[in-house]
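Laboratory data are not the source of any read-out in this text; all were calculated from the coordinates shown. These numbers come from a predicted model, not from an experiment. Using ideal geometry, Cβ is built from the backbone for each residue, glycine included, and neighbour counts are taken over all protein chains shown.
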Amino acid sequence: MKAIILAGGSGERFWPLSSSEKPKQFLKLFSDKSLIRETFERLTYKMNINDIYVITSENYFDLTLKELPELPKDNIILEPIPKNTAPACMLGTKLAENNETLIILPADHYIPSKKDFWETLDIAIVGAEKYEGLFTIGINPTRPETGFGYIEAGENIESNIYKVVSFHEKPNLETAKSFLEKGNFFWNSGMFVWKKNTFLKEINLYAPEIYKELINVDPKDFSHLKKVMPKVEKISIDYALMEKSKNVFVVKSNFIWSDVGNWVSIRELTGYSDKDLNVEVIDGENVFVKSDKFVGVIGLSNIIVVESENGILIAAEEKAQKVREISQKLKKLGKF
């Protein structure tokens, strides 16, 4: 069995702490370990280090090696151009032997319990081998979240395994509420399990151009990748394959999870910081502050304040998703 950590993200939603030189997956947001380090240790809980690979940008080779020094250098697969998750999944899957099972994970999720994580993952692994389908992990929704995609579950195949009816894009609030009421909808975690042969068959059927461009490429041959990747479509694995395939299953998760999508996620997972010794809030509440300096807030509520050497962010909580727009503007100015 092989595991592939997808670590090519740019971390735009975590400015000013993140930057193009140090995106979200390399940040230490919950402990003294980075998110990619936490993900790696989640896998080594039951896997051999030599069976774990990281797919990331060529710009992040040194950062990856710094965070995962025990990982063999050959296990860091470099993308010359970011092309989203479908090409990355294709490259990662090619690293496996014929008919070998793979686990595909984002590098930047928060899952505190390794034991609970593996209890769910083992169900998906056995299921992928038994039913020869594309398996994904579904998160039991705890609120009508509009920032996640949803998976609609159909027939209950066996304990915690369901046939997928369809995938749904990020809904509006009323739709999200209806999903929760129906009870057969899960948050889309972006974690996958499949056998190599199963995946290659399905992607050849539903995304033949990606298959055609990459099927004969050695993922470890960076010079060849530099020639091929410009011709490969930039598309997510959900759009390219998962939403089209008729052979998709979802496993109901049994662990605490967050995709750590923006600063509100950090606040929810770590608690409000307006009670910290270096923060004073007067005539306000629900203020999240991340700064090494003393911060005073007067007359404001439900805001986020983040200070780093890259700049200062002050945002209304409900507008936290728009931090990406600041990052994109800074990119145009050459300052991200």
| request: May I ask you to compute the full-extension gain from ASN204 to ILE282, defined as 0.36 nm times their residue separation minus their alpha-carbon distance, rounded to one decimal in nm? | output: 22.1 nm
| remark: Note on the chain: contact order normalised by length, alpha-carbon pairs under 8 Å, 6 or more apart, percent, works out to 21 percent
| query | When the chain is fully extended, how far beyond the present Cα-Cα distance does LYS220 get from GLU233, taking 0.36 nm per residue of separation? | reply | 2.7 nm
| field | Neighbour-count ranking [beta-carbon atoms within 10 angstrom, fewest first] of MET47, MET242 | value | MET47, MET242
| task | Report the Stokes-Einstein translational diffusion coefficient (µm² s⁻¹, integer) for the chain, Rh taken as the Kirkwood radius over Cα pairs, at 10 °C with viscosity 1.306 mPa s. | result | 76 µm²/s
| remark: Note to self: C-alpha centroids of region 292-326 and region 115-194 sit apart, in Å, by 33 Å
| note | Footprinting proxy, ILE77, ILE235: sorted fewest to most Cβ within 10 Å, the residues are ILE235, ILE77
| When GLU325, GLU155, GLU213 are ordered from fewest to most other Cβ atoms inside 10 Å of their Cβ, what list results? | GLU155, GLU325, GLU213
| said: Quick one: 3J(HN,Hα) in Hz for region 300-315, Karplus 6.51/-1.76/1.60 with θ = phi - 60°, rounded, Gly and Pro as x. | reply: 10, 10, 6, 10, 10, 10, 10, 10, 8, 5, 7, x, 10, 10, 10, 9
| request: May I ask for the distance between the Cα centers of region 1-64 and region 81-113, given as a whole number of Å? | output: 12 Å
| message | Modelling each spin label as a point 7 Å along the Cα-to-Cβ direction, I'd like the LYS66/LEU333 distance in nm, to one decimal. | response | 2.5 nm
| Efficiency by 1/(1 + (r/R0)^6): what FRET value for GLU174 and GLN321, r their Cβ-Cβ distance, R0 = 22 Å, to the nearest 0.05? | 0.70
